[in-house]
Structures are given as structure tokens and as C-alpha cells.
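Participant: If you scroll down you'll find the structure; I have some questions about it.
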Amino acid sequence: MNGPLRSADETAALIAAVEDKGLNATISFDHTVMQRQAEEITGRPDSTRLNGLAIGVKDNICTIEYPTTCASHILQDYRSPYEATAVSRLKDAGGIVACKTNLDEFAMGSSTEHSAFGRVRHPHDPDRVPGGSSGGSAALVAAGALRVALGSETGGSVRQPAAFCGVVGVKPSYGRVSRYGLVAFGSSLDQIGVFGKTVADAASLLEVISGRDANDSTCADLDQLDAPLERQDLDGIVIGLPSEYFPDDLDPAIRVACDRTIAALRQAGARVRAVSLPHTSLAVPCYYVIAPAEASANLARYDGVRYGLRVPQDDLHALYRETRGSGFGPEVRRRIIVGTYVLSSGYYEAYYTKAQHARGRIARDFDDVYASGVDLLFTPTTPTTAFRAGEKLRDPVAMYLADVFVCSANLAGIPAVSLPIGRTGGLPIGGQLMAPAYEEELLLNAAHVLEERVDPMEEI
Ligand code: GLN
């Protein structure tokens, strides 16, 4: 890690100060729990890599130190009997689980308003949302309380809040990081991702958590990622600009920030070329069939018998109905209903099979562009800056469209990063780089080169 490390006490004080301002970014946070972990690693020879670094962990990632609630009443007091592989690896490397961070319930949302524990506030404007679903992690890093945090991505939930809050967010390739201990939402899409103030911090964290894991058969059989940030320029790199991500009605300030970033890419030596990903318009509808379908199956386990909340009833069906009806919030219930519908006999082919075909086309678009000699793609991360709380709550489709530039990477399984590229009206703007599967080293190097050349604080 670069930059000074803070002690557990200092970090605890910073988190407490941020929470006193009413950000509501944490679900569990306890100074003494942090202190105890700090004492445990003191002097341990294998703990030098992270050396006591305090890490925020999204509350859908299992930890021993704190409950794992998924921001849901149904898991309100749930304590996992085991911890996620990513968390074990961070602790083995000398990291400390600082707190569990607030999220949209079961990671379903784009604003962190769908939390059973109340919404997270944007660190620069309390009337706005920090993005979602990993809004608590993004807000704490942006507010300076933490240097790094873990989030999770099913359809953009690290990159979108990173863009809204003005921090770096990385979504690794599917299979780069073990999903063991990440509470399942859409299993073919889910990945743990990382937030950092800088690309270097985020990259260090990703390196530690990556690599094969016998506990997750969908984790790629690869060694730990080793991505030294050695590049000083982008000589010889071809960057594609997919026209579908720069529509005529793109927010003018976001367009200006992107244009400046494209100029910086050129100055760094990259060749920039217009490309097309023709099935981009299918990404949001395709995602919002596949993700709810998988969620409806994954969330069947919360039945009032095996996990968490139980609302006792005389017969079994009433127990299911009352427990699930009162334990899940409205967005989760909507997803379960949509998911069950698209998987039901008679509709399966019309919706689910069709969405799988669309997913194949979206993935092939990326394959074709990369095969044509393009190394990386550059796009805006989001179509708008952080929106006002409540603005999209009553219109789920408007909320879903906040993911229009981010969810394709999840469907295709490729890695992507969002980094801050400017501001408008005091609100951060995010730019996104995407790479072919397992090309994290190039992706992170390019993001690092860009970070040195673009001023994230410049107002547009
Ligand atoms: N906004 C998306 C959704 O609501 C993304 C969620 C995620 O990536 N966890 O499903």
C-alpha cells in the first residue's frame, strides 16, 4: 500500500465522526472489535502486507467479527458461522475488518435507499444518494474515513457508487475472486469488488483477495493476481470508444469530462478509435431478467426455518408467507416475483431463454471488438451524476436505467474500473475502462496512468 497507514484508533475515530454527520454508511461498527483485531496481528510476521489496514466490508460478505445482515430484516441478527475467503485473505495479510457497510437490501438497487436500516447519504450532499448497492463502502472511502473497502457487483454496484462518490471502484473478471461467503444474489454475475481512494490502493486489495479457492468451483484456477503499476504511458495501446455509450442526449458535463479524459488518453500515447457494441441496448432488459431469475432461486433459502427471521405460524405455508412477506423489503419482493415469473413454465422460453441469448450477443460484441485489435474500452460510468434521494424510488425502471453503462461488463464477465474524471456542481463524474477477461493488469495500469493525468477536482 502507498501512503501512511492509520492506527485502528484513528480509523475508528474517523468512522465515528463520519457517522455522527448522519451518513448512515455502517450497519455494524465497534471500536473494541477493531482494537482486538489490531492487537491480534501486532508482531505477526505474515501481516506486513496490509499492516493493520482498516477495511470496510459490505454487509453481504460473511464475517466472524460482526453480523451479516444484507441490510434485510430477514437476516437482521444473523451471524455467519464462517467468513468469506476474501475476508480471510485480507486478515491473513494483516488487514482489519473495520466495519460492515450499508447497502441496498441483498445488493438490489442503485441508490442504497433500499436498506432495512435506512438510506445512506451522499458524502458531499445529504439530499443525494451515494449510488448503490455498495453505497456505504463508497461513501466511507469518499468521506476519508477508510482508505479501502470491499463491495460486491452483480450489475455495477461497485462502479456506479464509485462514480457518484468520486472514488476508484474495480469490478474484477468473473472468477478472479472467490464468491465463497458472498451472499448469493445472481450467481452467474456476482463478484466481490474493491474501492480505493487511489488505483494503487484498490489494486493492492484486489491482489490480496484474488486467486483460486477450493471452496468455490466457479473461481478460476489462477494464481493470485500480480499487477504492479509500472506503466508510465499508454504507448501502443488501442482504446475503443463504443458509440452506444456516448448518446446524443448524454449529460453535457459528463461528455466534456469524457472528452478531456480521451485527450489525456491520447497524450499518454494511446491510439483512440470509435467502435460499436451493437447489442448494448439489450443489456439492461437482459440483466433485469437474468438477475431476478437467479435471485428468486437464491433467496428461496430464507424460509423462516433455516436462517434468520421466523414469524411462527400454525402451518408451514403460513410460516413461509408471513416470514418472507415481512422479512423482505419491497424491492426484494419485486425481484422474487419477476424472477419467479420469468422462470415459470410457459414464460421461461419467452423471457429467460431469450435473455440468455441476448447475454451471448452482448458478450460476443466485446469479443469482436477486442479481437479487432482494441485493448481497452473507455466510456462514462453513469448517465448522470448522483441523483436526489427519492427521485427514482417510485419508478423502478428509472432506477434500473442508472445501470445502463455498467451492467454489460457483468453479463460478459469482463473486468472494469471506474475512476473520478471531474466534477459538475460539486458532484463527481466517473469514467470507466473495460478490458478483456483476466486482463486486470493492463486495466489497472491504464487506470493508474489516467489517474496521474486527469484532475478529478476540476469543475466542468
Ligand atoms: N443496480 C443493480 C441491481 O439493482 C446492481 C446490483 C448489484 O450490482 N449488486 O440489481
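The values are calculated or read from the model by the stated rules, or taken from the named source; none is laboratory data. Remember, predicted model here, so these are calculated numbers, not experimental data. We place every Cβ from the backbone using ideal geometry, glycine too, and count neighbours over all the protein chains shown.
Participant: Which one of these is surrounded by 13 or more Cβ atoms within 10 Å (Cβ to Cβ) and in a loop (DSSP other than H, G, I, E, B): Gly43, Gly52? Let's see the steps before the verdict.
Facilitator: Working: Gly43 fails: surrounded by 13 or more Cβ atoms within 10 Å (Cβ to Cβ).
Just one listed residue meets the conditions, Gly52.
Participant: Can you confirm whether segment 430-441 contains a residue that is in a strand (DSSP E or B), modelled with pLDDT of 95 or more and more than 20 Å from Val369 (Cα to Cα)?
Facilitator: Restricting attention to segment 430-441, the residues satisfying the condition of being in a strand (DSSP E or B) are 430-434.
Going one step further and asking which of them are modelled with pLDDT of 95 or more, we end up with 430-434.
Adding the requirement that they be more than 20 Å from Val369 (Cα to Cα) leaves 430.
Yes, there is a match, as at least one residue in segment 430-441 is in a strand (DSSP E or B), modelled with pLDDT of 95 or more and more than 20 Å from Val369 (Cα to Cα).
Participant: Could you list, ordered by first residue, the pairs with Cβ atoms under 7 Å in which the first is in segment 15-31 and at positive phi and the second is among the β-branched types (Val, Ile, Thr) and surrounded by 13 or more Cβ atoms within 10 Å (Cβ to Cβ), at least 6 apart or interchain?
Facilitator: From segment 15-31, the pairs are Asn24/Val120.
Participant: Additional query: I need the full set of residues from segment 170-210 which are of a type outside the set (S, T, N, Q), within 16 Å of the ligand (Cβ to nearest atom) and under 30 Å from Met457 (Cα atoms), in order please.
Facilitator: Scanning segment 170-210 gives Val170, Lys171, Pro172, Ile192, Gly193, Val194, Phe195.
Participant: Which one of these is assigned to a helix (DSSP H, G or I) and surrounded by fewer than 16 Cβ atoms within 10 Å (Cβ to Cβ): Arg364, Arg335?
Facilitator: On the way: Arg335 fails: surrounded by fewer than 16 Cβ atoms within 10 Å (Cβ to Cβ).
When all the criteria are applied, what remains is Arg364.
Participant: Looking at Lys91, Lys58, which is the one that is within 19 Å of Leu146 (Cα to Cα), within 18 Å of the chain's Cα centre (by Cα) and not small (Gly, Ala, Ser)?
Facilitator: Details: Lys91 fails: within 18 Å of the chain's Cα centre (by Cα).
That would be Lys58, the only listed residue that is within 19 Å of Leu146 (Cα to Cα), within 18 Å of the chain's Cα centre (by Cα) and not small (Gly, Ala, Ser).
Participant: Could you count how many residues in segment 56-83 are under 17 Å from Val33 (Cβ atoms) and of a type in the set (S, T, N, Q)?
Facilitator: Summing the residues that are under 17 Å from Val33 (Cβ atoms) and of a type in the set (S, T, N, Q) in segment 56-83 gives 4.
Participant: Next up: Checking the conditions here, which among Asp235, Asp221 is acidic (Asp, Glu), without any contact (Cβ under 8 Å) to a residue 12 or more places away in the chain and over 29 Å from Ser110 (Cα atoms)?
Facilitator: Numbers: Asp235 fails: without any contact (Cβ under 8 Å) to a residue 12 or more places away in the chain.
It is Asp221.
Participant: Still on this model: List pairs: first in segment 277-291 and of a type outside the set (A, V, I, L, M, F, W, C) and assigned to a helix (DSSP H, G or I), second more than 16 Å from the ligand (Cβ to nearest atom) and modelled with pLDDT of 95 or more, Cβ under 6 Å, 6+ apart or cross-chain?
Facilitator: Close Cβ pairs (under 6 Å, with a partner that is more than 16 Å from the ligand (Cβ to nearest atom) and modelled with pLDDT of 95 or more) amount to Thr280/Glu244.
Participant: Determine whether segment 394-402 contains at least one residue that is part of a helix (DSSP H, G or I), within 16 Å of Asp251 (Cα to Cα) and touching a helix residue (DSSP H, G or I) at 6+ places or on another chain (Cβ under 9 Å).
Facilitator: Yes: one or more hits.
Participant: Among (1) under 22 Å from Leu53 (Cβ atoms); (2) within 16 Å of the ligand (Cβ to nearest atom); (3) not β-branched (Val, Ile, Thr), where does Met108 come up short?
Facilitator: So Met108 meets the others, but not (1).
Participant: Pairs only if they're at least six apart or on different chains, beta carbon under 7 angstrom, first in segment 100-127 and within 27 Å of Met457 (Cα to Cα), second of a type in the set (Ser, Thr, Tyr) and away from the ligand (no atom under 16 Å from the Cβ); list them, first residue then second.
Facilitator: Qualifying pairs under 7 Å: Thr101/Thr26; Asn102/Thr26.
Participant: Taking segment 377-408 on its own, how many of its residues are of a type in the set (Lys, Arg) and more than 12 Å from the ligand (Cβ to nearest atom)?
Facilitator: Filtering segment 377-408 for residues of a type in the set (Lys, Arg) gives 388, 392, 394.
Next cut, more than 12 Å from the ligand (Cβ to nearest atom) only: 388, 394.
Here the count works out to 2.
Participant: While we're here: Could you list, in sequence order, all residues of segment 373-391 that are under 20 Å from the mean Cα position of the chain (by Cα) and part of a loop (DSSP other than H, G, I, E, B)?
Facilitator: Across segment 373-391, the qualifying residues are Thr381, Thr382, Pro383, Thr384, Thr385, Ala386, Phe387, Ala389.
Participant: Select, from Ser372, Ser326, Ser345, the only residue that is more than 26 Å from Thr112 (Cα to Cα), exposed (fewer than 14 other Cβ atoms within 10 Å of the Cβ), out of contact with any Pro (no Cβ under 6 Å at 6 or more places or on another chain) and touching a residue at least 40 places away in the same chain (Cβ under 8 Å).
Facilitator: Values: Ser326 fails: more than 26 Å from Thr112 (Cα to Cα); Ser345 fails: touching a residue at least 40 places away in the same chain (Cβ under 8 Å).
Just one listed residue meets the conditions, Ser372.
Participant: Tell me, which residue of segment 119-169 that is surrounded by fewer than 24 Cβ atoms within 10 Å (Cβ to Cβ) and among the small types (Gly, Ala, Ser) is nearest to the ligand (Cβ to nearest atom)?
Facilitator: Ala143
Participant: Only one of Asp213, Asp221 is acidic (Asp, Glu), touching a helix residue (DSSP H, G or I) at 6+ places or on another chain (Cβ under 8 Å) and more than 13 Å from the ligand (Cβ to nearest atom); which? Before you say what the answer is, go through the steps one by one.
Facilitator: On the way: Asp221 fails: touching a helix residue (DSSP H, G or I) at 6+ places or on another chain (Cβ under 8 Å).
On inspection, the qualifying residue turns out to be Asp213.
Participant: Which of the numbered conditions does Val194 fail, given that it passes all the others? Conditions: (1) free of Cβ contacts under 8 Å to residues at least 60 places away in the same chain; (2) surrounded by fewer than 20 Cβ atoms within 10 Å (Cβ to Cβ); (3) closer than 21 Å to Gly155 by Cα.
Facilitator: Answer for Val194: the failing condition is (2).
Participant: Name, by its number, the condition in (1) in a helix (DSSP H, G or I); (2) surrounded by fewer than 17 Cβ atoms within 10 Å (Cβ to Cβ) that does not hold for Ala214.
Facilitator: Going through the list (1) in a helix (DSSP H, G or I); (2) surrounded by fewer than 17 Cβ atoms within 10 Å (Cβ to Cβ), Ala214 breaks only (1).
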